[in-house]
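Shown next, in structure tokens, is the structure this report addresses.
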Amino acid sequence: MTYKTARAPHLRRAERASMMCVDVLIALVPLCIFSSVYYGLRPVLLVLTGIISAIISETLCCLFMRRKPSVSDGTTAVTGALVGALVSPLSPYWLPAAGAIFAIVAVKMPMGGSGRNLFNPAAAGMAAITLCFQGFLFTYPDPGLGIPLPLADNALSGIITQSSPAAQLAEGGRTLYDPAILLLGDFPGPIGATAISILLAIAVYLYIRRAVSAMIILPYLATCAVLAAVFPRASGGSWLSIMMELCSGYLLFAGVFLLNDPVTAPRHWLGRVFYGILAGLFVMLMRYFGRFEEGVCFAILLANAFSTTLDRFGWYLLNLKRIRGRRRVA
Amino acid sequence: MSKFTNRGVFLPLIKEPAASRPIEDITPPAQVVVPMLAGDGSNNQPVIKAYETVLHGDVFGQPVQAGGCPIYSPVTGVFNSVRNILHPLLGTVSCAVLDCLVSKGENRKEKSVEKLTAEEILELSFRMGIVDELDGILLASKLAAGRKLRNVILVADASEQEPYCSAAWSVLNESAEKVWRGLELAARTVRAKKYHIAVKLEKGNLKNLKGRISDNGLYQVKGKYPARVYSKKGGGTVCRIGVQACLALYLAAATDQPPCDCIITVAGDAVANPCNVRVPLGTTVEDILRFCGLSQEPAYIILGDAMTGITIQSTDIPIISGITCLLALKNLPRPPVHTCIGCGRCVRACHANLLPYEIMRRLDNMQYERLATLLPDECDGCGACSHVCPCSLEVTSKVLEAQDAHGNIFMKWGDGDDL
Amino acid sequence: MSNMEIRKNKRPSSRKPAELRNVFFDAFLANNIVLIQAIGITPIVAAGVTLQNGVALTLCTAAVLLPASLFLSYIGDRLPSWIRAPLYMLGAIIILLGASILIDRLISQQLYANLYIFLPLTAVNSLVLYRAGGFSVSHEPVAALTEAIASSLGFGLVICVVSALREIASYGTLWSVPINSAVKLSEAALPYAAFLLLGFMAAFLQWLKTVLERRT
């Protein structure tokens, strides 16, 4: 009888591609719990809105493009969840939905679906809603409210809002936040981006699960810290400036979740280092000279444009001798 | 090299229960199929006519063109017919079918090998047609190449870093002294100052083996697959040969007998009795599997070990010297196939510091002129990149395909862009 | 191709209606200037914000492209190739001078201000340089004229659709007539929206082409 054919190697690791996405979704759960402690059930519903609208738009796009629905690999849900986790808890439900739909329909599917997108869809979705609806996006509720936010959209008026650290930095001058409060997360900000200590713990968890790369996060944070120390926007010394910059807005969230998107980030370690540095540079430039109080998403899109080149460039630098030697022989 | 920085993968080792069992001799097969292709690639013709008997170890085939290696009969048997077989490793080759009468030869007395010179050993290994089981290359050509190098480190590679194979360990277990003497002979031929047997064993086995050979004769291989089998200190070029080849060299020198059998690990979840078997060269896969017994109908039969083996479709393939492992697998679990998500695990796994995913991408997009810069020729096909890929892509075979594309004149291989 | 070769190889049969129709539809749809050949995107992205702007830019492009095509088709093969572009630009500047005076004095000062720098930029629009210099020189005047009209119409179609959509989305008006639309995205007037729209329109056109090719 004939036996089947297979190609070497015949022993493979059991890890699947969707495991990384499942890890990211698990990592988002503590952040949602933290936010719901302050603001009630609304933040969780916003994240779920993002996920559901991303899944629905991807299914419709796949049907339209007549390809197999690829929702099961988890990348769609992650995109929707990230967009949902980056909006303010006070935003209407159509805001994360609009961001997620833009991310899938305009950035992910036209480029070829999962695994082939050039730009991070979640960052692009955030860029779209930052441009169009910055009013809705950047009004944050006061964390000292004590009562949960109303779940319906039309009951939102009358909630006391507070300016986030990012807005205060953008205006300049003395800042009202003390580093301890920043680490504990007791300040207004996007749903997933305020719990700084939890974010750091999540970063360690994802690093152990091999879903993020230290070669991206550490150079990124280091570049942001150096730029924040050398060109402080907050008055009160460079340490305070570093703490404020790194904990305000969604810089840290982007460093853990958005920058480490495996499809758009480089794969070689030196390329990843360059990518982190470049992304940090762009983020701080966007903060200093940009129009919005938080321009991280634009910086990530800019860095994504360079990621393939940086990847090959990093490898090329390390293997210059081998390549030149080969050229001489050939 | 620390565990974090050296590249490669940790492979699960599935050598039990075959490794702890002694070598079993296969029941004599009814027929053996001897390829008429000698170790150096020369075509041979049988020297006897049909239905004549040939004794174990006698010259069976002479090379068509002068200067080639002869072929020896692995069994005592009757020459039946000639058949053409498509062998996965040799290609289409004409093979002589022998009806086997007695599969073992008589034991001859071993004589001293101290007085043999390097040239005599080289000529002996060529005349006996000894083939290295690691890669199927003639041992004599490897030794001749080693003679031309300076500062050679000669390694008998028994490290067996792939999951299933334990043939070299069983050979060492049974006859370590003879292997060591064979290695000394080979070292005399290449004028090597440093030579050792590379092993990857647990402490107990290692100690046991050290007691039988000199202390410096063993080198414990450390690190991820595929690890280095020699120490980088002191420099030198490495020349790797197999332990069965060393044993065959010693026996050829001491008893004037050509290698007639080889030791193969038979393993896999479809095999009822996994063990190391000594089979005469030319035994078909079918006979071996029947000897070891199949507990369930296998879906895949693999010639070679799990990381670098090739699947075969039919079982009437004869065993030649380059094969050390035979797997019969029912389940081959793999993650579901997906487009490359760019996780970068293949880059971390590659011990040759290549970018496997980029080679695969450029090959798929038919950008052949940009393949040269990525150095696909440095790949040795270890399979680590495909092993770790969570999208279950055929990365290794794509890189090897890119290697083949290098010689293909129909693909414009040139100096594309620099990056 | 040297001038002699051009003169010899001018296709004599390009006066037949069938062939002219091919030329027309090729330049209008199949190889649409903006969506397939990706020439002349700048005015659309930057100034195609209201329908009036769009129509004005189309008319200016046509006003520049048609005479240039005719001129190059008749005389272009007698001129050395290096002089074609500067000569054509000189002519375009003169035409656009007249056009801007027309728009500013006689039509609407507001429109002239809205068009900003993109009215004079039509003089150096790659669209005209590429098509006029490429197609018109090697074809009969009738074919060149058809192609010029088709290119302008193709450009005009795209810019009008894009500007109409952007006007409705960002200002809520169409040709300055207010429309009550539910969605008001003031940022649609930014270039990124135009790029996205152009991308989707190009994809739609490609899809249309594959469908039509499959039918025939």
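Other residues lying with their Cβ under 14 Å from the Cβ of residue B:201 contribute a combined charge of +3, Lys and Arg counting +1, Asp and Glu -1.
Per-residue shielding of C:164-172, expressed as the average number of other chain Cβ atoms within 10 Å of the residue Cβ, stands at 0.
Sorting B:231-240, B:393-402 by average packing, meaning the other beta carbons within 10 Å per residue, from highest down gives B:393-402, B:231-240. Each of B:175, A:72 has some number of other Cβ atoms within 10 Å of its Cβ, and from fewest to most they run A:72, B:175.
In the protein assembly as shown, helical runs assigned H by DSSP with n ≥ 4 each contribute -39500 (n - 2.57); averaged across all residues and rounded to the nearest 500, the mean residue ellipticity at 222 nm is -14500 deg cm²/dmol. Binning the alpha carbon pair distances of the protein assembly as shown at 10 angstrom intervals from zero yields the distribution 2, 9, 15, 16, 15, 13, 11, 9, 6, 3, 0, 0, expressed in whole percent. Taken residue by residue and averaged, Cβ atoms of other chains lying within 10 Å of the Cβ of B:340-351 number 6. Is the shape of chain C rounded, prolate or oblate, going by the alpha carbon gyration tensor and its root eigenvalues a ≥ b ≥ c, with a/c under 1.5 for rounded and a/b larger than b/c for prolate? Because a/c hits 1.5 or more and a/b fails to exceed b/c, chain C counts as oblate.
Count, for each residue of A:12-23, the Cβ atoms from other chains sitting within 10 Å of its Cβ, then give me the mean as a whole number.
What the average comes to for A:12-23 is 6.
Listed by chain and number, the lysines whose C-alpha is less than 26 Å from the C-alpha of residue A:108, apart from same-chain residues fewer than 8 away, are A:68, C:184, C:209.
Placing a pseudo-label 7 Å from each Cα along the Cα-to-Cβ vector at residue A:178 and residue C:142 gives an inter-label distance of 8.9 nm.
Here the relative contact order of chain C, from alpha carbon pairs under 8 Å that lie six or more residues apart, stands at 34 percent. Excluding same-chain neighbours fewer than eight residues apart, the aspartates and glutamates reachable from residue B:330 by a Cα-Cα span under 18 Å are B:16, B:269, B:286, B:297, B:305. For region A:51-108, the relative contact order works out to 44 percent when only alpha carbon pairs closer than 8 Å and six or more residues apart are counted. Please arrange B:362, B:334, A:287 by how many other C-beta atoms lie within 10 Å of their C-beta, fewest to most. Lowest to highest Cβ neighbour count: B:334, B:362, A:287.
Taking only the C-alpha atoms of region B:118-255, the Rg (one decimal) and the largest Cα-Cα distance, Dmax (whole number), read 14.0, 39 Å. Here the simple spin-label model places points 7 Å from the Cα toward Cβ, and for residue B:330 and residue A:155 these points are separated by 6.0 nm. The packing ranking of peptides B:51-58, B:88-95, C:173-180, highest mean first, is B:51-58, B:88-95, C:173-180, where packing means the average number of other beta carbon atoms within 10 angstrom of each residue. Among rounded, prolate and oblate, which fits region A:18-318 when a ≥ b ≥ c are the square roots of the eigenvalues of its C-alpha gyration tensor, a/c under 1.5 means rounded, and a/b larger than b/c means prolate? In terms of gyration-tensor shape, oblate. Measuring nothing but how far apart in sequence close Cα pairs (under 8 Å, 6+ apart) lie, relative to its length, chain B scores a relative contact order of 17 percent.
Among bridges DSSP assigns within chain B, what percent are antiparallel (round to 5)? Rounded to the nearest five, the antiparallel share is 70 percent. The lysines whose alpha-carbon is closer than 20 Å to the alpha-carbon of residue B:148, local same-chain residues fewer than 8 away aside, are B:193, B:194. In this label model, residue A:305 and residue A:94 are separated by 3.1 nm, measuring between points 7 Å along each Cα→Cβ vector. By other beta-carbon atoms within 10 Å, ranking A:216, A:160, B:130 with the fewest at the front produces A:160, A:216, B:130.
Coordinate-derived values only; no laboratory data. As the structure is a computational prediction, the values presented were derived from the model and not from experiment. Counting neighbours? That spans all protein chains shown, and the Cβs are built from the backbone with ideal geometry, glycine included.
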